[in-house]
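J.: Okay, handing you the structure first.
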Amino acid sequence: MANLGYVNPTLLQSRVLDILLPTLDTSTSTNESSEQQNQPSDVIIHAQTGSGKTLAYLLPLLSRIDPSRSAVQALVVVPTRELGLQVVRVARRLCGGGRVDVGVTNDDDNETDEGGNDEGVLDDNTDESSTPSKSKKIMIMPLLQGSSNTRQRAWAWAEPPHIVIGTPEELSSMVTRGGVRVNSVKIVVVDEVDACLSRGGNGGMSDGGSSSGTLHELLSRHLSPTYQEVGRVATSVEGSDGRTFQMSTSSDSGETSVGNHDLSSHTMNGFKVYADKYRQTIFASATIPQHNHFMKQCVRNGWTLREPIRVNVSPGELVPPTLKHVYVVCRDKGTKVGGLRRWMKKEIAAADDNNGGTKMLIFSDPRRPLETLADMLAKDFNGIVWREGYTPMQENGYDAVISVLRMEDSLGTRAAAMEGFRGPNERDNGAVGGYANQGSDIGKEKRDKLRILLSTDLAARGLDISGISHVINFDLPNDNDGDTYVHRGGRAGRLGKKGQVMSLITADQEFVLERLANRLALELRCVARQEGKKKKV
C-alpha cells in the first residue's frame with residue numbers, strides 16, 4: 001500500500017483487519033482444537049458509508065489468494081454492474097500497484113461493450129506446471145456484461161481466474177452452466193448484502209429481478225460452507241506405491257473425489273489428500289436491518305456454519321457526521337425544476353474554492369425525463385451533455401459536463417455516464433479509495449469542470465467517486481426506513497470530507513422528511529421556501 005501513497009487505515013479497516021488477517025496462519029496441525037482456532041471467521045462489516053469497506057474486505061481476500069493455483073478461489077457478489085466495475089478497478093490497483101501488469105480483464109477500457117468482449121490479459125510466459133514464482137499473476141474476471149458471458153465462460157475454462165466479481169444473477173448462471181468451478185472457492189464477499197437480498201426495481205437499484213432467491217441459491221446450493229484444497233480439477237493423484245487414481249469433481253454437488261473415495265480425510269491408503277477447510281464469508285453494507293436476526297439467518301439458511309462476527313465502529317451513526325442536511329420547499333411539483341436551477345446557481349456562485357472541481361449528484365424518480373433536465377442544466381452552466389463515445393476532447397470550450405444514468409439504458413451508455421461524471425483526472429489517477437492518504441498526489445485532482453450526474457438509485461449504492469460536494473434529492477426515496485436516503489447521501493462526505501445533502505420537496509412532504517430525519521438522527525434545516533406565486537427561492 002505504501003507505493004500507492006496510502007499509509008493510515010481507517011478505524012473500520014483496522015478493526016476488520018485485526019479479525020481477518022490473523023486467520024492467514026498456514027501452519028498445519030493434527031490437533032483438532034488448533035485447526036478450529038485457525039479457521040477463518042465469517043464477518044459482517046456494518047459501517048456508515050465512506051468508511052472504507054471495500055479495502056477492508058479486499059486486502060484480506062487478496063492475501064488468501066494463491067497465484068500459483070489455477071482455480072477460482074474467491075467470489076465477490078455485488079448488486080449492480082457499476083459497483084462491480086469499481087471493485088474490479090480497486091482490486092486491479094491493489095494487485096498491480098498502478099502498473100498495467102495484472103492479469104485482469106480490461107473492464108474500464110472496454111466497458112462499453114455489451115456483448116461480453118472483455119479479454120483477459122494473460123501471462124503467456126507462465127507455465128502451469130512450474131513452481132510458483134513472483135511473476136505469477138492474480139487473475140480477476142468480471143461477470144458484469146449483462147449477456148450470456150460467452151467469452152468469459154470460455155476464458156474461465158481455459159485459464160480459470162483466481163477472483164470472479166459479478167451480480168448474483170450472473171454468478172449463479174455461470175456456475176449453473178459449469179462456466180465457473182467453485183469447489184476451490186475459499187472466500188466469498190457479498191457487498192451491499194441488503195441490496196443483493198432485496199427486490200429489484202427500487203429506482204433501478206438492482207441489476208435484475210428478485211436477487212434474494214438467487215443469492216440464497218448461490219450461497220447455500222452452489223457453494224458449500226467448506227471447500228477442499230485440491231491442486232487441479234479432473235486430474236490424477238499418484239500414491240506412494242506408484243499407483244495413479246483419477247481425481248474428479250461432481251458437476252452436481254461440487255464434491256471432489258479420488259477414484260471412489262471422498263476427499264474428506266487427511267490420508268487415504270497412503271495417498272496424500274487435503275482435508276476439508278471452512279469457506280470464509282464476508283457480508284458488507286451500511287444498512288443491515290435487524291442485524292441480530294440476519295446473523296442467525298446466515299446459519300439457518302446454510303450461508304455460514306456459525307454466526308458471523310459483526311464489526312460496527314459507529315453504532316447508531318448511519319451517515320457521516322461531516323454531511324450537512326438541508327431542504328427547499330417548493331410551491332408545487334411544477335416549480336421544482338425552477339427551484340433546483342436557482343438553488344444550484346447560488347451554490348456554485350457561493351463556492352469559495354473550486355480547485356478540486358465541483359460534482360453534484362442528483363437523484364430522481366426513474367419515470368422523469370432526465371434528458372430534458374440535463375439539457376436545461378447544460379444551458380444554465382455552459383455545459384455539454386455527455387454521450388457514449390465521447391472523449392475528453394469533447395469537453396473543450398465547456399464549463400460543465402452533465403451525464404444521465406438509468407437502469408434501462410444500454411450498458412455502454414451507463415458506462416459512458418459514469419466516465420463523464422468521474423472526469424479525466426480521476427480516470428487517470430485510478431485512485432484506491434478508502435485509505436487515509438499521506439504524502440501522495442494520487443487521488444488529488446487538478447482544477448476540473450463542474451460535473452453533474454442525473455441518476456436513479458442505480459448510483460446510490462457503494463460508488464466511491466471523489467469530489468462529490470452535493471447530493472440532491474430531486475425526488476425523495478420511496479422507502480420508509482431511510483436506507484435509501486443513507487446510501488444516496490453517503491456518496492458525499494466520504495473519509496471525513498465535507499458535503500451537503502439537499503432535498504427538494506413540496507409542503508405536504510415536509511412532515512415525511514422531518515420524520516425521516518428523526519429516524520436517522522439528522523440535523524435538518526430549511527434553507528428556502530416558496531410561498532405564493534411571486535416569491536422565488
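J.: Quickly work out the Ser14-to-Glu159 label distance, labels modelled 7 Å from Cα along the C-beta direction, and quote it in nm with one decimal.
T.: Each label point is offset 7 Å from its Cα along the Cβ direction, giving 4.1 nm.
J.: Right, next: Report the FRET efficiency, 1/(1 + (r/R0)^6), for Leu305 and Glu531, where r is their Cβ-Cβ distance and R0 is 56 Å, rounded to 0.05.
T.: That gives a FRET efficiency of 0.40.
J.: Now for a separate question. Would you mind getting me the FRET efficiency between Met393 and Asn292? Use the beta-carbon distance for r and R0 = 56 Å, nearest 0.05.
T.: For Met393 and Asn292, the calculated efficiency is 0.55.
J.: Throw me the Rg/Rh for the stretch 276-342, computed over C-alpha atoms with Kirkwood Rh, two decimals.
T.: With Rg and the Kirkwood Rh in hand, the quotient comes to 1.28.
J.: Give me Arg69, Arg279, Arg177 ranked fewest to most by other Cβ atoms within 10 Å of their Cβ, as a rough exposure proxy.
T.: Ranking Arg69, Arg279, Arg177 by Cβ neighbours within 10 Å, fewest first, gives Arg177, Arg69, Arg279.
J.: Using the number of other C-beta atoms within 10 angstrom as an exposure proxy, rank Phe511, Phe294, Phe283 with the fewest first.
T.: In order of increasing Cβ crowding within 10 Å: Phe511, Phe294, Phe283.
J.: Give me a comma-separated list of calculated 3J(HN,Hα) values for the stretch 56-66, in order, Karplus coefficients 6.51, -1.76, 1.60 applied at θ = phi - 60°, integers in Hz, x for any Gly or Pro.
T.: 4, 9, 6, 4, x, 4, 5, 5, 8, 7, 9
J.: Determine ³J(HN,Hα), in whole Hz, for all residues of the stretch 172-178 in sequence, where each value follows from phi through the Karplus function 6.51 cos²θ - 1.76 cosθ + 1.60 and θ = phi - 60°; x replaces Gly and Pro.
T.: 4, 5, 5, 5, 4, 6, x
J.: On each of the three principal axes of the Cα atoms of the stretch 323-529, give max minus min coordinate, whole Å, ordered largest first.
T.: 45, 38, 34
J.: Give the calculated FRET efficiency between Ser314 and Ala507 to the nearest 0.05, with a Förster radius of 25 Å applied to their Cβ-Cβ distance.
T.: That pair, Ser314 with Ala507, gives E of 0.15.
J.: Provide the gained length on full extension for the span Ala521 to Thr322, in nm with one decimal, where the gain is 0.36 nm per separating residue minus the Cα-Cα distance.
T.: Full extension of this stretch gives 70.3 nm more.
Bear in mind that the values in this text are calculations on the coordinates, not laboratory data. A quick note: this is a predicted structure, and the numbers were derived from the prediction, not measured. When we count neighbours, we look across all protein chains shown, and the Cβ atoms used for this are built from the backbone with ideal geometry, even at glycine.
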